[in-house]
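Following: one structure in structure tokens, then a few remarks.
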Amino acid sequence: MRTSRYAVRAASVALLGVVLVGCSSDDGDDSKKSAPSAPDAPADATDTDLAAPKALSVGQSGDFAASDDTSEVATRFKVTVREVKYISAEEAEDSAQQDSDIYVRLRLTLENVGKHPGKFDDFSTLKWQSAKTAEQDATTYTSPPGPDLSTTYKPGQSVTGYLILNVMERGGEVTYYDAAGYGPSFVVKLPK
């Protein structure tokens, strides 16, 4: 059976629409926001319907897929980068501290924008890399003050909190990999 050119073209346009919805920018000014460009895009996600993550800077947002501990059903999360700041070893309070460690503090807002529960887990799921250095674990044993980002989010729930990560040098990127295998989920670009 032959597929018509029009059917292939329509499918390509629909796929492009889903890819374009995958990343967005948020400068915090709600007066500039318009209605979503693809109102019939699915609220839930699988690892195949989200584009490869674009590196996010402060003020930018992106979508990613996540699942909870009890099912393999994925849901859609939105992450917004609020702050990226290098901090001292004393501020990091890392019990496994090394002399060469560089610490970066990320302030993120995570929101479950899907229809199913989803979990964010920051332990051993964040990796750092640069143009010169291959991917390395960026997890610390530090629990920063304030709300805990590592939890299960029901649809509509969100948390803004901090992560403190250990990197080998300034710059590069930090990538989050969903523990259920839906990663790489999002990437944060670090300043030099």
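The values are calculated or read from the model by the stated rules, or taken from the named source; none is laboratory data. Keep in mind that this is a model prediction, so the values were computed, not measured. Neighbour counts are summed over all protein chains in view; Cβ atoms, including those assigned to glycine, are modelled from backbone coordinates with ideal geometry.
Determine whether Tyr153 is in contact with a Phe, Trp or Tyr (Cβ under 9 Å, 6 or more places away or on another chain) and closer than 27 Å to Thr75 by Cα. Spelling it out, Tyr153 is indeed in contact with a Phe, Trp or Tyr (Cβ under 9 Å, 6 or more places away or on another chain) and closer than 27 Å to Thr75 by Cα. Of all residues being farther than 11 Å from Asn166 by Cβ and of a type in the set (Ser, Thr, Tyr) in region 85-105, which is modelled with the lowest pLDDT? Just the residue, please. So, considering only residues that are farther than 11 Å from Asn166 by Cβ and of a type in the set (Ser, Thr, Tyr), the one modelled with the lowest pLDDT is Ser95.
Considering only region 125-144, I want to know if a residue exists there that is in contact with a Lys or Arg (Cβ under 6 Å, 6 or more places away or on another chain), modelled with pLDDT of 95 or more, within 23 Å of Gly59 (Cα to Cα) and in a strand (DSSP E or B). Checking region 125-144: not a single residue is in contact with a Lys or Arg (Cβ under 6 Å, 6 or more places away or on another chain), modelled with pLDDT of 95 or more, within 23 Å of Gly59 (Cα to Cα) and in a strand (DSSP E or B). Out of the residues in region 168-183 that are assigned to a loop (DSSP other than H, G, I, E, B) and modelled with pLDDT of 90 or more, state the one that is surrounded by the most Cβ atoms within 10 Å (Cβ to Cβ). Only one residue fits best here, namely Gly172.
Summed over region 66-80, residues that are in contact with a Lys or Arg (Cβ under 8 Å, 6 or more places away or on another chain) and either among the polar types (S, T, N, Q) or crowded, with 21+ Cβ neighbours inside 10 Å (or both) total 3.
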